[in-house]
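Asker: This is the structure I want to talk about, given as structure tokens.
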Amino acid sequence: MAMTQETCQSMNWNKKLLNTPVIGDITKKIVSMKVDHDAKNIAEHFTQFLEPQVAINDALRHEVFKIRHNVYCEELAFEEIKEEGLEQDEFDPQSIFSMIKHKPSNVYTSCVRLVKSSCAKELLPIEKFCIDSIQDKALHPSKFERHEIAEISRLAVKADFRRRKTDQFKGSAVGVISETTYSETELRCFPFIAIGLYMSAATMAIDTGIKHVFVMMEPRLARSMKFVGIKFHQLGAAIDYHGLRAPYYINPEIFMSNLSPGFKSLYHAIEKDIGQQLKNNK
């Protein structure tokens with residue numbers, strides 16, 4: 001019991017340090033340097049085990065819809081179970097998609113889409129369902145040219161690729177990763193899959209001329225992204241939309257100027273793959 005209290009006190013003290021002026025800044029810098037160093041190593045391993053891929057044909061888009069059904073319908077129950085096992089909606093025809101594949105098993109781990117708009121009739125999801133949540137009128141979607149705006153949405157990571165190594169003894173019923181299936185190095189890469197998806201979406205946006213990107217996300221996810229240098233600008237208060245989510249904005253300049261050096265190496269590795277695939281598909 002004393003050990004637990006000591007651990008809790010240590011955690012609270014570390015949190016206080018991070019929020020203390022001057023000392024907090026130094027502490028955050030040290031933590032950032034550690035994350036930066038790890039990111040450089042992750043960038044090397046990421047390309048060894050994981051591969052970003054644009055869904056450029058019906059077969060690959062079919063894989064996207066299967067992943068979304070697995071996560072959004074079967075696991076989270078945000079949508080009803082579909083008999084065909086595919087989760088699709090009205091925004092898919094105006095979207096481009098990317099996935100991240102686990103190379104050794106040839107299994108697609110996750111997906112994300114970038115919803116675009118060519119005219120006023122093609123609304124973004126945030127415009128149709130959450131427009132009142134946007135309080136920053138200067139960055140309202142209506143302020144920009146339709147062909148220059150897009151929304152990152154339907155990000156989904158299969159449960160097997162979200163589990164931590166420490167969960168391995170909880171049993172296969174909850175979809176944990178087995179050490180006999182994935183190596184220690186691979187396991188260290190898996191938490192970066194979500195970051196890789198956002199970087200894939202950023203590449204798709206930049207390479208297709210998008211200048212203003214919106215996303216509805218959990219504030220805690222936005223804080224996590226900020227820690228690695230992806231600084232989304234919050235446009236309004238969080239609302240109940242498939243859980244507590246808030247509207248955010250980012251553009252290529254904000255994305256590139258704040259990304260930490262270590263994670264830039266990861267981004268450039270992803271951008272190289274995604275960019276080449278988009279170029280080949282033109």
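Asker: Which residue, of Phe65, Phe46, is farther than 17 Å from Met217 by Cα, modelled with pLDDT of 95 or more, under 18 Å from the mean Cα position of the chain (by Cα) and outside any loop (DSSP other than H, G, I, E, B)?
Answerer: Phe65
Asker: Also: Could you identify the single residue in Val115, Val71 that is crowded, with 19+ Cβ neighbours inside 10 Å, under 28 Å from Ile270 (Cβ atoms), at pLDDT below 95 and out of contact with any His (no Cβ under 6 Å at 6 or more places or on another chain)?
Answerer: The unique qualifying residue is Val71.
Asker: Looking at (1) free of Cβ contacts under 8 Å to residues at least 40 places away in the same chain; (2) among the charged types (D, E, K, R); (3) closer than 24 Å to Pro125 by Cα, can you tell me which one Asp207 breaks?
Answerer: Of everything listed in (1) free of Cβ contacts under 8 Å to residues at least 40 places away in the same chain; (2) among the charged types (D, E, K, R); (3) closer than 24 Å to Pro125 by Cα, Asp207 misses just condition (1).
Asker: Looking at segment 217-262, which of the residues that are within 14 Å of Gln135 (Cβ to Cβ) and either in contact with a His (Cβ under 9 Å, 6 or more places away or on another chain) or of a type in the set (Gly, Ala, Ser) (or both) is surrounded by the fewest Cβ atoms within 10 Å (Cβ to Cβ)?
Answerer: Residue satisfying both the conditions and the ranking: Ala237.
Asker: Looking only at segment 114-143, which residues are in contact (Cβ under 8 Å) with a residue 60 or more places away in the chain and either more than 24 Å from the chain's Cα centre (by Cα) or in a helix (DSSP H, G or I) (or both)?
Answerer: Pro125, Ile126, Phe129, Ser133, Leu139, Pro141
Asker: For the condition at pLDDT below 90, farther than 17 Å from Pro52 by Cα, in a helix (DSSP H, G or I) and out of contact with any strand residue (DSSP E or B) (no Cβ under 8 Å at 6 or more places or on another chain), what is the one hit in Thr185, Thr180?
Answerer: Criteria check complete, one pass: Thr185.
Asker: Okay, next question. Looking at segment 263-273, which of the residues that are buried (at least 17 other Cβ atoms within 10 Å of the Cβ), out of contact with any Asp or Glu (no Cβ under 9 Å at 6 or more places or on another chain) and not aliphatic (A, V, I, L, M) is modelled with the highest pLDDT?
Answerer: Checking each candidate, the answer is Tyr267.
Residue-by-condition table, conditions (1) more than 23 Å from Ile126 (Cα to Cα); (2) in contact with a helix residue (DSSP H, G or I) (Cβ under 7 Å, 6 or more places away or on another chain); (3) hydrophobic (A, V, I, L, M, F, W, C); (4) in contact (Cβ under 8 Å) with a residue 40 or more places away in the chain:
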residue	(1), (2), (3), (4)
Phe49	yes, yes, yes, yes
Pro52	yes, yes, no, yes
Asp58	yes, no, no, no
His62	yes, no, no, no
His69	no, no, no, no
Cys73	no, no, yes, no
Gly85	yes, yes, no, no
Ser98	no, yes, no, yes
His102	yes, yes, no, yes
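Asker: Right, next: Kindly check whether there is at least one residue in segment 255-271 that is under 30 Å from Ala77 (Cβ atoms) and of a type outside the set (Phe, Trp, Tyr).
Answerer: Checking segment 255-271: not a single residue is under 30 Å from Ala77 (Cβ atoms) and of a type outside the set (Phe, Trp, Tyr).
The values are calculated or read from the model by the stated rules, or taken from the named source; none is laboratory data. This structure is a prediction, so every number in the text was calculated from the model and none was measured. Cβ atoms come from the backbone with ideal geometry, glycine included; neighbour counts cover every protein chain shown.
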